[in-house]
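All remarks here apply to the structure that follows.
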Amino acid sequence: MDTATSAFGSSASPAGLQGVVPRLTRRVAAASGKTTTATAPFTGASLAELPESSADDVAAAFERARAAQRSWAALSPPERAEPFLRFHDLVLERQREILDIIQWETGKARRHAFEEVYDAACGTLYYARQAPRLLRPQRAAGAVPGATRTYHRRAPKGAVSVITPWNYPLALPVADAVPALLAGNAVVAKPDTQTALSALWAVETAIEAGLPEDLWIPVIGSPGEIGDALIDNADYVSFTGSSPVGAEIAQRAAGRLIGFSAELGGKNPAIVCSDADLDWTVDGVQRASFSNAGQLCISMERIYVHESVYDEFAERFADSARGMELNADFDYTADMGSLTYRKQLDRVAAHVDDARTKGAEILAGGRVRDDVGPMFYEPTVMAGVAPTMDACAAETFGPVVSLYRFSDEDEAVAAANATDYGLNASVWTRDTARGRRLAERIEAGTVNINEGYGAAWASYGAPMGGMKRSGLGRRHGSEGLLRYTESQTVASQHFVGLGGTPGMSAQTLSTVMTASARLMKRFRIR
Ligand code: NAP
């Protein structure tokens, strides 16, 4: 399979994509006939007309989803896993089509679009294989040993909202919806409007793989119109996006006493130790900083480098950033693509201009590249960034990193932790034990050693998420599945009642229970 060429012919026009738009949009819950437009970041041209949902459409979608969920929840976990095993295969088989759609919607380089394809397939496979085990009922010690038989089981929440942003439009909806579905829930999914086609492709592909209709229903619309309905009708909300919006949604979910998980922003630090292998580190930090043009919640924006290697690292890293190929081609030649939104380009340019004006040194990049496409920005490396500059502590979410020199590890750890965020971090050293010691001192939900983000992210069996203002709850691992369940304890009493034998006085009962409590401690029964 040649995945390095467009499935839709000419890479200069989105015309070929028009053929798939009706197929993908037909499942959107939108009755009004209103539409909204997505544009192509590579060209600025109109890309697709998308149906827009109203708050009533969202409420109706939840009703349909709840009706479908009842029979879905009655299937066994291995039965629910079957369509997802096929989904894994279809995603890999049909990657050419979805790679094009992702590139058209986001403007990202094909190599970064491929990370989404790989992630959607492998994350799904992890849960399809592990959900039956993770959902199995568990026995627990009973109230009276031998006389109380207790187990607890996981029941689905019901109908779950999955709200996702534009930066990973295939990987994120799949990462959050698939475990919810495998746990026996239905999902109403709201992708970002600009990048909705990728999420719609995932829904369509899952249904082709055998997922029953109405279990994964997409809605499209502005937060002002459908945001509240997505919380008010749901039994649980999974949100990925910015920290301020996450806090707003958390408040509304708290008002209804429903569960909520949030994967939010980051200002992620890398620590380059004196013993780092610089060939490996320059290459790895470059990927960690400029993947998806830095529009990656777990990408590195602050690089702390030991003074003994700072000058060499800075020179080589800036050289590597300058050497990166930027283009809008539908093949694997670009090292970095475009930004997705004009507002994102403006934010990136504002952070760099502010830093430049206030005295930061631009070691590489620092310019809009509208000669390549309307929203391209150069991979940018800065030094001398001070706390008065916006790029110092606020999330830039673009291809911009700042280098800082440190002289001892305590100083590096304190600087890495001096932020409200705590999503991801990385440590670069030849000594893994030293890397682990440092990692455990960093306040971040994931820390990668000698890798920027992929090692922790793609360890699907381990939890992934943020500390501090970077999130609440975790995706991946058992937590990523079990968040979508209620635990229910079932205990049956046999032989001896909790009130003692018939006719036993309260005083005798208390004496027997006191003695049994002591015996249980002595013989380690409790
Ligand atoms: P955002 O503005 O918070 O939006 C995220 C999603 O929420 C979009 O679908 C958005 O819809 C929707 N939304 C916004 N307000 C809402 C409301 N009141 N009720 C319901 N839904 C609402 O974030 P963004 O700018 O699109 O995404 C970038 C941010 O996401 C960055 O901070 C990045 O770090 C973070 N992120 C985190 C992770 C992670 O795993 N931790 C992963 C990716 C991105 P519209 O698009 O229609 O406005």
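Some points to look at:
- Odd one out for residue 308, checked against (1) free of Cβ contacts under 8 Å to residues at least 40 places away in the same chain; (2) hydroxyl-bearing (Ser, Thr, Tyr); (3) part of a strand (DSSP E or B): (3)
- Some residue of the stretch 122-133 being within 16 Å of the ligand (Cβ to nearest atom) and small (Gly, Ala, Ser): yes
- Residues located in the stretch 385-408, provided they are of a type in the set (Gly, Ala, Ser), over 19 Å from residue 293 (Cβ atoms) and in contact (Cβ under 8 Å) with a residue 40 or more places away in the chain: 393, 407
- Residues being over 17 Å from the mean Cα position of the chain (by Cα) and within 15 Å of the ligand (Cβ to nearest atom) - total across the stretch 155-187: 0
- Meets criteria (in contact with an Asp or Glu (Cβ under 7 Å, 6 or more places away or on another chain), among the acidic types (Asp, Glu) and either crowded, with 21+ Cβ neighbours inside 10 Å or modelled with pLDDT of 95 or more (or both)) for residue 354: yes
- Residue count for the stretch 225-247 under the criterion of being assigned to a strand (DSSP E or B) and either more than 9 Å from the ligand (Cβ to nearest atom) or at pLDDT below 95 (or both): the result is 2.
- The residues of the stretch 149-177 that are of a type in the set (Gly, Ala, Ser) and in a helix (DSSP H, G or I), listed by number, are 171, 175, 177.
- Cβ-Cβ contacts under 6 Å between residues 6 or more apart (or on different chains), taken from a first residue in the stretch 171-193 that is without any contact (Cβ under 8 Å) to a residue 40 or more places away in the chain to a second residue that is among the polar types (S, T, N, Q) and within 14 Å of the ligand (Cβ to nearest atom), are listed as 173/164; 191/164.
- Residue under evaluation residue 275, criteria (1) under 30 Å from residue 487 (Cβ atoms); (2) touching an Asp or Glu at 6+ places or on another chain (Cβ under 7 Å); (3) surrounded by fewer than 24 Cβ atoms within 10 Å (Cβ to Cβ), criterion not met: (1)
- So residue 146, is it part of a loop (DSSP other than H, G, I, E, B) and surrounded by fewer than 16 Cβ atoms within 10 Å (Cβ to Cβ): yes
- Filter pass, residue 265 being closer than 28 Å to residue 396 by Cα, within 16 Å of the ligand (Cβ to nearest atom), touching a Phe, Trp or Tyr at 6+ places or on another chain (Cβ under 8 Å) and part of a loop (DSSP other than H, G, I, E, B): yes
- Candidates 55, 81, 4 - the one that is in contact with a Leu (Cβ under 8 Å, 6 or more places away or on another chain) and among the hydrophobic types (A, V, I, L, M, F, W, C): 81
- Criterion (modelled with pLDDT of 95 or more and away from the ligand (no atom under 16 Å from the Cβ)) met by exactly one of 396, 380: 380
- Check on residue 210, in contact (Cβ under 8 Å) with a residue 24 or more places away in the chain and within 9 Å of the ligand (Cβ to nearest atom): no
- Unique residue being surrounded by fewer than 21 Cβ atoms within 10 Å (Cβ to Cβ) and more than 25 Å from the chain's Cα centre (by Cα) when the list is 25, 35: 35
- Near pairs, Cβ below 7 angstrom, 6+ apart or cross-chain, from the stretch 480-493 (more than 17 Å from residue 139 (Cα to Cα)) to any residue that is part of a strand (DSSP E or B) and of a type in the set (S, T, N, Q): 483/261
- Candidate set: the stretch 253-262, residues that are more than 9 Å from the ligand (Cβ to nearest atom) and in a strand (DSSP E or B); chosen: the one surrounded by the fewest Cβ atoms within 10 Å (Cβ to Cβ): 259
- Of all residues in the stretch 202-224, those satisfying the criterion of being assigned to a helix (DSSP H, G or I), more than 22 Å from residue 242 (Cα to Cα) and more than 18 Å from the chain's Cα centre (by Cα) are 204, 205, 206, 207, 208.
- Candidate set from the stretch 268-309 (those that are within 16 Å of the ligand (Cβ to nearest atom) and among the hydrophobic types (A, V, I, L, M, F, W, C)); member that is nearest to residue 389 (Cα to Cα): 300
- The single condition among (1) of a type outside the set (S, T, N, Q); (2) within 16 Å of the ligand (Cβ to nearest atom); (3) over 20 Å from residue 157 (Cβ atoms) that residue 250 does not satisfy is (3).
- So residue 335, is it away from the ligand (no atom under 15 Å from the Cβ), of a type outside the set (Val, Ile, Thr), surrounded by fewer than 24 Cβ atoms within 10 Å (Cβ to Cβ) and farther than 27 Å from residue 312 by Cβ: no
The values are calculated or read from the model by the stated rules, or taken from the named source; none is laboratory data. As the structure is a prediction and not an experimental result, all values here were calculated from the model. Counting neighbours? That spans all protein chains shown, and the Cβs are built from the backbone with ideal geometry, glycine included.
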